[in-house]
1. Which of the listed residues, GLN269, ASN100, LEU78, is farthest toward the dipole's positive end in the chain, when Lys, Arg count +1 and Asp, Glu count -1 at the beta-carbon?
2. Under 18 Å between alpha carbons, and skipping anything fewer than 8 positions from LYS110 in its own chain: which lysines qualify?
3. For the stretch 230-257 and the stretch 16-69, what is the separation of their C-alpha centers, rounded to whole Å?
4. With respect to the cross-link table entries LYS164/LYS230; LYS302/LYS337; LYS215/LYS242; LYS33/LYS93, which display a Cα-Cα separation exceeding 21 Å?
5. Calculate, in whole percent, how much of the Cα-Cα pair population of the stretch 88-174 lies beyond 18 Å.
6. Which percent of the accessible heavy-atom area of the chain goes to carbon and sulfur, probe 1.4 angstrom?
7. First measure r as the distance between the Cβ atoms of HIS177 and ALA2, then evaluate 1/(1 + (r/R0)^6) with R0 = 25 Å and state the FRET efficiency to the nearest 0.05.
8. If amide H atoms are built 1.01 Å from N in the plane of the peptide, which residues on other chains or at least 5 residues away come under 5 Å of the amide H of PHE142?
Amino acid sequence: MALENDLILRAARGEQVERTPVWLMRQAGRILKEYREVRGSLSGFKELVETPELAAEVTIQPVDILGVDAAIIFSDILVIPEAMGLPYQMVEKKGPWFENTIKSQADVDKLRDASVDDLGYVFEAIKITKRELNGRVPLIGFAGAPWTIFCYMVEGEGSKTFSKARRLLYTHPELSHQLLDKITNLTIDYLKGQIKAGADMVQVFDSWAGILDYKQYREFGTKYVSKICKAIKEVPITVFAKGAYQARKEIASMECNTIGLDWNMSIQQSKSIIGPNKTLQGNLDPCVLYADFKRIELETHKMLNSFGSQRHIANLGHGVYPDTNPDNVRCFIEAVKSYQHK
Ligand code: CP3
């Protein structure tokens, strides 16, 4: 099926675009009352993730309501630990919680020899979404980076420091590598499964990249993200490693098309570190969307001007915050779409 709007794919591949494409990380979800209505009729978040027709419905909502240039499949990075034998719960107002975590070799040995067949509900949701999008915009697939998944598998819940996860890197480095390797292999199969089901591009979220020092991030982080990039050749791949300032050069050497920048990363500095052969994605501070329309337009235009007219995919520097007014999100999207580069 030919796409009516393939701006984001062209931008990712470094081809000419007539305007900058735009989408938002975490666009499908709590900012939309239409999402909250679907979600409210169910037993919880997981039922939504695991019911392909409904996952497809909330995936498409931001395309219809906000006018973004891409959809991102509604799911969560935590389906991977679950497939490996560590089920999660999404606790209201708190976030993810795992009853069982990884503390020792015995825990790693107990993990299931997972296969992507366990994640068929995600592939089904992708197929339905593609059918219902009917070529309007591309569909983005995603997975968590191995280090970020490791964080949840060891810590068992969200944390500011993930000190249990970081502790394991020092106390059991071999065990850590063994676990990261398992996660990486399943993630590669998972992304390939998403692509086979219809994902037009994929993104790897390394949300906790920034809590490791550079040497450790090289050893336990980029090594595995790089392996994923090498394995995915079918569609463009984006690496978003939040807080990984020191690793930007390293990430630039990976076989990825696009690199996501968080809002603390200077655009000019990132451009000079990364060079002209990658597309950059980002990086407006999500808090800008709490300001009035004039300020949102001003900050968006400043950002677009710094990135330039090509090799840029406009986005926020991290996921949109749940209490953001959708009108302000629309203002951001319109500000990107109507901007004329000088
Ligand atoms: O629009 C989209 O981006 C698609 C859906 C998506 C979700 N999670 C849905 C979700 C994506 C891409 C994710 C990725 C994800 N999940 C990440 C990486 C990106 C990031 O934000 O850094 C991480 C770290 C997670 C793990 C996770 N899932 C946490 C920590 C939480 C609780 C905090 C929070 O943000 O709500 C979730 C829950 C979650 N994932 C919700 C949604 C819509 C909220 C659950 C609800 O509806 O009650």
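The values are calculated or read from the model by the stated rules, or taken from the named source; none is laboratory data. Quick caveat: nothing in here was measured; it's all calculated off a predicted structure. As a convention, Cβ positions derive from the backbone with ideal geometry for all residues, glycine included, and neighbour counts pool all protein chains shown. Ligands, DNA and RNA are stripped out before the accessible areas are found, and what is left, the full protein with its side chains, is counted by its heavy atoms. Shrake-Rupley method; radii C 1.70, N 1.55, O 1.52, S 1.80 Å.
1. GLN269
2. Those lysines meeting the cut-off are LYS182.
3. 25
4. LYS164/LYS230
5. Details: 2218 of 3741 pairs.
Tail fraction, whole percent: 59.
6. Numbers: 7050 of 14550 Å².
With neighbouring chains kept in place, the figure for the chain is 48 percent.
7. Numbers: r = 43 Å, r/R0 = 1.74.
For HIS177 and ALA2, the calculated efficiency is 0.05.
8. Sorted by chain and number, the residues that satisfy this are GLN203.
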